[in-house]
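Engineer: Submitted below is the structure of interest, expressed as C-alpha coordinates.
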Amino acid sequence: MSASERIPPRGLTATADVLELLAEGELTVRGRVRGASNAVLLCSVAYQGAEADCAYKPVAGERPLWDFPDGTLARREAAAYAVSDATGWGLVPPTVLRDGPYGPGTVQQWIDADPSAPPLLSLVDGDEAGDGWRPVGRADVGGGRTALLVHADDPRLRRLAVLDAVINNGDRKGGHLLPSADGRLHAIDHGVTFHVDDKLRTLFWGWAGEPLPEEALDVLARLDAELAPGAPLTARLEQLITPAELDALRARVAALRTTSRHPGPSGGWPSIPWPPV
(Lines give C-alpha, C1' and ligand atoms only; values in the text may rest on other atoms or scores of the structure.)
Protein backbone atom coordinates (compact mmCIF):
# COMPACT_ATOMS: atom_id res chain seq x y z
CA MET A 1 0.00 0.00 0.00
CA SER A 2 1.35 3.40 -0.93
CA ALA A 3 2.06 5.96 1.76
CA SER A 4 -0.60 8.28 0.33
CA GLU A 5 -3.30 5.68 1.00
CA ARG A 6 -2.49 5.42 4.68
CA ILE A 7 -3.97 7.66 7.34
CA PRO A 8 -1.45 10.32 8.42
CA PRO A 9 -0.14 9.42 11.88
CA ARG A 10 -0.38 12.77 13.66
CA GLY A 11 -1.96 16.23 13.71
CA LEU A 12 -5.51 17.31 14.55
CA THR A 13 -6.95 16.41 11.16
CA ALA A 14 -4.96 13.19 11.10
CA THR A 15 -6.30 12.19 14.54
CA ALA A 16 -9.88 12.86 13.44
CA ASP A 17 -9.29 10.74 10.36
CA VAL A 18 -7.78 7.93 12.42
CA LEU A 19 -10.74 7.94 14.80
CA GLU A 20 -13.17 7.79 11.88
CA LEU A 21 -11.21 4.94 10.32
CA LEU A 22 -11.15 2.99 13.60
CA ALA A 23 -14.84 3.59 14.29
CA GLU A 24 -16.28 3.03 10.81
CA GLY A 25 -13.82 0.76 9.05
CA GLU A 26 -14.13 -2.94 8.33
CA LEU A 27 -12.07 -5.02 10.74
CA THR A 28 -10.12 -8.04 9.51
CA VAL A 29 -8.48 -10.19 12.17
CA ARG A 30 -4.91 -11.13 11.24
CA GLY A 31 -3.64 -12.73 14.43
CA ARG A 32 -3.54 -12.72 18.21
CA VAL A 33 -1.02 -10.98 20.43
CA ARG A 34 0.48 -13.69 22.61
CA GLY A 35 1.28 -13.15 26.24
CA ALA A 36 -1.48 -10.61 26.92
CA SER A 37 -3.62 -11.27 30.00
CA ASN A 38 -6.76 -10.46 27.99
CA ALA A 39 -7.57 -11.19 24.35
CA VAL A 40 -5.77 -8.77 22.02
CA LEU A 41 -6.26 -9.27 18.29
CA LEU A 42 -4.08 -7.70 15.62
CA CYS A 43 -6.38 -6.45 12.87
CA SER A 44 -6.39 -4.34 9.77
CA VAL A 45 -9.13 -1.75 9.42
CA ALA A 46 -10.19 -0.32 6.05
CA TYR A 47 -12.52 2.56 5.23
CA GLN A 48 -13.00 4.70 2.11
CA GLY A 49 -9.67 3.69 0.58
CA ALA A 50 -7.62 4.11 3.75
CA GLU A 51 -6.21 1.22 5.78
CA ALA A 52 -4.23 0.85 8.99
CA ASP A 53 -3.25 -1.73 11.56
CA CYS A 54 -5.06 -1.76 14.89
CA ALA A 55 -5.49 -3.71 18.13
CA TYR A 56 -8.99 -5.04 18.84
CA LYS A 57 -9.79 -6.05 22.42
CA PRO A 58 -13.22 -7.69 22.64
CA VAL A 59 -15.08 -7.50 25.95
CA ALA A 60 -15.71 -11.23 25.59
CA GLY A 61 -11.96 -11.82 25.94
CA GLU A 62 -11.56 -9.93 29.22
CA ARG A 63 -10.38 -11.99 32.17
CA PRO A 64 -12.45 -11.37 35.35
CA LEU A 65 -10.70 -9.39 38.10
CA TRP A 66 -11.54 -9.42 41.79
CA ASP A 67 -11.54 -5.64 42.16
CA PHE A 68 -13.09 -4.42 38.88
CA PRO A 69 -16.61 -5.16 37.62
CA ASP A 70 -16.69 -7.74 34.84
CA GLY A 71 -16.88 -6.46 31.29
CA THR A 72 -15.74 -2.90 32.04
CA LEU A 73 -12.11 -2.89 30.93
CA ALA A 74 -12.85 -1.82 27.36
CA ARG A 75 -14.79 1.21 28.55
CA ARG A 76 -11.90 2.12 30.83
CA GLU A 77 -9.50 1.90 27.87
CA ALA A 78 -11.72 4.31 25.95
CA ALA A 79 -11.97 6.62 28.96
CA ALA A 80 -8.18 6.68 29.30
CA TYR A 81 -7.89 7.81 25.70
CA ALA A 82 -10.50 10.52 26.26
CA VAL A 83 -8.56 11.94 29.23
CA SER A 84 -5.22 11.61 27.42
CA ASP A 85 -6.66 13.46 24.43
CA ALA A 86 -7.89 16.24 26.73
CA THR A 87 -4.37 16.76 28.11
CA GLY A 88 -3.02 17.48 24.64
CA TRP A 89 -0.03 15.22 25.30
CA GLY A 90 -1.19 12.50 22.90
CA LEU A 91 0.20 9.68 25.03
CA VAL A 92 -2.57 7.13 24.41
CA PRO A 93 -3.07 6.11 20.76
CA PRO A 94 -6.48 6.91 19.24
CA THR A 95 -9.00 4.47 20.70
CA VAL A 96 -12.69 3.86 20.01
CA LEU A 97 -15.37 1.66 21.53
CA ARG A 98 -17.26 -0.26 18.86
CA ASP A 99 -18.60 -3.60 17.72
CA GLY A 100 -16.25 -6.06 16.05
CA PRO A 101 -16.03 -9.65 14.81
CA TYR A 102 -16.22 -10.99 18.39
CA GLY A 103 -18.60 -8.43 19.80
CA PRO A 104 -18.09 -5.00 21.39
CA GLY A 105 -14.64 -3.91 22.48
CA THR A 106 -11.96 -1.30 21.93
CA VAL A 107 -10.14 -0.69 18.68
CA GLN A 108 -6.86 1.20 19.02
CA GLN A 109 -4.40 2.45 16.45
CA TRP A 110 -1.45 0.06 16.23
CA ILE A 111 1.90 1.63 17.10
CA ASP A 112 5.15 0.08 15.91
CA ALA A 113 7.80 0.57 18.57
CA ASP A 114 11.17 1.85 17.37
CA PRO A 115 13.72 -0.87 18.24
CA SER A 116 16.53 1.69 18.09
CA ALA A 117 14.92 4.05 20.65
CA PRO A 118 17.00 4.65 23.80
CA PRO A 119 15.93 2.50 26.77
CA LEU A 120 13.51 3.96 29.29
CA LEU A 121 14.21 1.39 32.03
CA SER A 122 17.44 -0.17 33.24
CA LEU A 123 19.09 -2.11 36.05
CA VAL A 124 22.35 -0.76 37.46
CA ASP A 125 24.85 -2.01 40.02
CA GLY A 126 25.46 0.13 43.07
CA ASP A 127 23.19 2.61 44.80
CA GLU A 128 23.34 5.59 42.41
CA ALA A 129 21.02 5.96 39.43
CA GLY A 130 23.51 8.00 37.42
CA ASP A 131 23.02 11.03 35.22
CA GLY A 132 19.80 11.00 33.24
CA TRP A 133 18.16 8.32 35.39
CA ARG A 134 15.77 8.19 38.34
CA PRO A 135 15.85 5.44 41.00
CA VAL A 136 12.79 3.28 41.66
CA GLY A 137 14.09 0.63 44.07
CA ARG A 138 16.07 -2.58 44.44
CA ALA A 139 15.15 -5.51 42.21
CA ASP A 140 15.98 -9.20 42.62
CA VAL A 141 18.05 -10.28 39.63
CA GLY A 142 18.61 -13.87 40.76
CA GLY A 143 21.47 -15.67 42.41
CA GLY A 144 20.93 -13.76 45.63
CA ARG A 145 21.81 -10.51 43.88
CA THR A 146 19.91 -7.26 43.57
CA ALA A 147 20.28 -4.29 41.27
CA LEU A 148 18.88 -0.79 41.30
CA LEU A 149 15.86 -0.40 39.02
CA VAL A 150 15.93 3.01 37.33
CA HIS A 151 13.90 4.85 34.73
CA ALA A 152 14.91 7.60 32.36
CA ASP A 153 14.63 11.20 33.55
CA ASP A 154 12.55 11.84 30.44
CA PRO A 155 9.89 14.58 30.12
CA ARG A 156 7.68 12.19 28.15
CA LEU A 157 7.73 9.72 31.04
CA ARG A 158 7.05 12.54 33.48
CA ARG A 159 3.92 13.48 31.55
CA LEU A 160 2.87 9.84 31.63
CA ALA A 161 3.42 9.71 35.39
CA VAL A 162 0.99 12.62 35.74
CA LEU A 163 -1.56 11.01 33.42
CA ASP A 164 -1.32 7.72 35.35
CA ALA A 165 -1.93 9.55 38.62
CA VAL A 166 -4.99 11.22 37.12
CA ILE A 167 -6.55 8.04 35.74
CA ASN A 168 -5.39 5.94 38.74
CA ASN A 169 -3.54 3.39 36.64
CA GLY A 170 -3.15 0.14 38.55
CA ASP A 171 -0.80 -1.57 36.09
CA ARG A 172 1.84 0.64 34.45
CA LYS A 173 4.45 -1.82 33.22
CA GLY A 174 7.52 -1.24 31.09
CA GLY A 175 6.08 -3.26 28.23
CA HIS A 176 3.23 -0.76 27.91
CA LEU A 177 5.58 1.90 26.52
CA LEU A 178 6.00 2.23 22.77
CA PRO A 179 8.48 4.92 21.63
CA SER A 180 8.00 5.54 17.93
CA ALA A 181 10.48 6.53 15.26
CA ASP A 182 9.22 10.13 15.31
CA GLY A 183 10.41 10.50 18.92
CA ARG A 184 6.98 10.33 20.50
CA LEU A 185 6.09 8.07 23.41
CA HIS A 186 2.87 6.06 23.29
CA ALA A 187 1.33 4.19 26.23
CA ILE A 188 -1.07 1.26 25.92
CA ASP A 189 -3.10 -1.11 28.14
CA HIS A 190 -5.35 1.06 30.31
CA GLY A 191 -8.06 -1.39 31.32
CA VAL A 192 -7.14 -1.27 35.02
CA THR A 193 -7.88 2.41 35.61
CA PHE A 194 -10.43 4.81 37.17
CA HIS A 195 -11.04 2.78 40.34
CA VAL A 196 -12.52 4.78 43.20
CA ASP A 197 -9.80 3.48 45.56
CA ASP A 198 -6.13 4.44 45.23
CA LYS A 199 -4.72 1.75 42.92
CA LEU A 200 -1.73 3.59 41.44
CA ARG A 201 0.90 1.00 40.64
CA THR A 202 3.76 1.91 38.34
CA LEU A 203 7.46 1.63 37.59
CA PHE A 204 7.82 5.41 37.37
CA TRP A 205 8.12 6.62 40.95
CA GLY A 206 11.31 8.57 40.30
CA TRP A 207 9.59 11.94 40.74
CA ALA A 208 7.50 10.98 43.79
CA GLY A 209 7.08 13.95 46.12
CA GLU A 210 8.71 16.43 43.75
CA PRO A 211 6.93 19.59 42.54
CA LEU A 212 4.93 19.17 39.37
CA PRO A 213 6.22 21.05 36.32
CA GLU A 214 4.31 24.17 35.30
CA GLU A 215 3.26 22.38 32.14
CA ALA A 216 1.56 19.68 34.21
CA LEU A 217 -0.18 22.23 36.43
CA ASP A 218 -1.54 23.98 33.32
CA VAL A 219 -2.86 20.66 32.00
CA LEU A 220 -4.46 19.83 35.35
CA ALA A 221 -6.20 23.22 35.42
CA ARG A 222 -7.57 22.55 31.95
CA LEU A 223 -8.71 19.06 32.97
CA ASP A 224 -10.42 20.50 36.03
CA ALA A 225 -12.46 22.78 33.77
CA GLU A 226 -13.20 20.05 31.24
CA LEU A 227 -14.49 17.75 34.00
CA ALA A 228 -17.16 20.23 35.05
CA PRO A 229 -20.78 19.06 34.78
CA GLY A 230 -22.03 19.40 31.20
CA ALA A 231 -18.55 19.76 29.65
CA PRO A 232 -17.86 17.60 26.56
CA LEU A 233 -15.23 15.48 28.32
CA THR A 234 -17.61 14.87 31.20
CA ALA A 235 -20.38 13.87 28.80
CA ARG A 236 -18.08 11.35 27.15
CA LEU A 237 -16.84 9.90 30.43
CA GLU A 238 -20.39 9.55 31.75
CA GLN A 239 -20.87 6.94 29.01
CA LEU A 240 -17.78 4.99 30.07
CA ILE A 241 -17.31 5.06 33.86
CA THR A 242 -19.64 5.25 36.85
CA PRO A 243 -20.68 8.50 38.58
CA ALA A 244 -18.58 7.50 41.61
CA GLU A 245 -15.55 6.88 39.40
CA LEU A 246 -16.05 10.25 37.70
CA ASP A 247 -16.22 11.97 41.09
CA ALA A 248 -13.02 10.16 42.14
CA LEU A 249 -11.33 11.34 38.93
CA ARG A 250 -12.29 14.94 39.72
CA ALA A 251 -10.98 14.51 43.26
CA ARG A 252 -7.61 13.21 42.03
CA VAL A 253 -7.21 16.16 39.68
CA ALA A 254 -8.11 18.57 42.50
CA ALA A 255 -5.68 16.88 44.90
CA LEU A 256 -2.82 17.08 42.40
CA ARG A 257 -3.53 20.76 41.89
CA THR A 258 -3.64 21.34 45.65
CA THR A 259 -0.39 19.56 46.48
CA SER A 260 1.33 20.58 43.22
CA ARG A 261 3.49 17.49 43.65
CA HIS A 262 3.87 14.07 42.12
CA PRO A 263 2.14 11.51 44.36
CA GLY A 264 3.99 8.74 46.17
CA PRO A 265 2.97 5.16 46.90
CA SER A 266 -0.09 4.93 49.14
CA GLY A 267 1.25 2.11 51.27
CA GLY A 268 -2.07 0.27 51.10
CA TRP A 269 -1.50 -1.28 47.68
CA PRO A 270 1.60 -2.78 46.00
CA SER A 271 3.36 0.15 44.35
CA ILE A 272 5.18 -1.89 41.66
CA PRO A 273 3.28 -4.02 39.12
CA TRP A 274 4.09 -7.70 38.69
CA PRO A 275 5.60 -8.72 36.43
CA PRO A 276 7.22 -5.29 36.00
CA VAL A 277 7.68 -5.62 32.22
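Engineer: Just name one of Gly100, Gly143, Ile167: the one whose Cα is farthest towards the positive end of the charge dipole of the stretch 78-170 (beta-carbon charges, Lys/Arg +1, Asp/Glu -1).
Structural biologist: So the residue furthest toward the plus end is Gly100.
Engineer: Give, rounded to the nearest 20 debye, the magnitude of the charge dipole that the chain has about its Cα centre when Lys and Arg contribute +1 at Cβ and Asp and Glu contribute -1 at Cβ.
Structural biologist: Roughly 400 debye for the chain.
Engineer: Further question: Which one of Gly143, Gly105, Gly132 has the biggest mean-square fluctuation once the chain is modelled by GNM with Cα springs under 10 Å?
Structural biologist: It is Gly143.
Engineer: Tell me the carbon and sulfur percent of the accessible area for the stretch 126-277, rounded to whole percent, probe radius 1.4 Å.
Structural biologist: Taking all protein chains in place, the stretch 126-277 shows 55 percent carbon and sulfur surface.
Engineer: In the stretch 14-45, which trypsin sites (Lys or Arg not before Pro) are in a loop and have at most 14 other Cβ atoms within 10 Å, using DSSP for the loop call?
Structural biologist: Here the sparse-neighbourhood loop sites are Arg34.
Engineer: Output the peptides 177-186, 54-63 sorted from most to least packed, where packing is the average of other Cβ atoms within 10 Å over each peptide's residues.
Structural biologist: 54-63, 177-186
Engineer: In µm²/s, what is D for the stretch 124-277 at 10 °C and 1.306 mPa s, where D = kT/(6 pi eta Rh) by Stokes-Einstein and Rh is the Kirkwood radius from Cα pairs?
Structural biologist: Diffusion coefficient, whole number: 95 µm²/s.
Engineer: Using the heavy atoms of the protein chains alone and a 1.4 angstrom probe, what is the accessible area of the chain per residue in square angstrom?
Structural biologist: That works out to 48 Å² for each residue.
Engineer: Taking N as the number of residues in the stretch 192-232, what value does Rg over Cα atoms divided by 2.2 N^0.38 Å take?
Structural biologist: That works out to 1.48 for the stretch 192-232.
Engineer: What fraction of the DSSP beta bridges in the chain is antiparallel, stated in percent and rounded to the nearest 5?
Structural biologist: Of those bridges, close to 95 percent are antiparallel.
Engineer: If you don't mind, there's one more thing I want to ask. Taking amide H positions as placed in the peptide plane 1.01 Å from N, state which residues far from Val40 in sequence (5 or more) or on other chains have amide H under 5 Å from it.
Structural biologist: The answer is Val33.
Engineer: Let me ask you something else. Given that compact globular proteins tend to follow 2.2 N^0.38 Å, what is the ratio of the alpha-carbon Rg of the chain to that value?
Structural biologist: 1.01
Engineer: Tell me the mean residue ellipticity at 222 nm calculated for the chain from its helices only (DSSP H runs of n ≥ 4, each -39500 (n - 2.57), averaged over every residue, nearest 500).
Structural biologist: About -9000 deg cm²/dmol.
Engineer: Rounded to a whole number of µm²/s, how large is the Stokes-Einstein D of the stretch 75-127 at 10 °C and 1.306 mPa s, given Rh as the Kirkwood radius over C-alpha pairs?
Structural biologist: Rounded, D is 115 µm²/s.
Engineer: Rounded, prolate or oblate: which one fits the stretch 159-221, using the alpha carbon gyration tensor with axes a ≥ b ≥ c (rounded when a/c is under 1.5, else prolate when a/b beats b/c, else oblate)?
Structural biologist: Note, shape of the stretch 159-221 comes out oblate.
The values are calculated or read from the model by the stated rules, or taken from the named source; none is laboratory data. All values reported here derive from a predicted model rather than from experimental measurement. Quick reminder, even Gly has a Cβ in these numbers, built from the backbone with ideal geometry, and neighbours come from all protein chains shown. All accessible areas refer to the heavy atoms of the entire protein, side chains included, with ligands and DNA or RNA removed. Shrake-Rupley method; radii C 1.70, N 1.55, O 1.52, S 1.80 Å.
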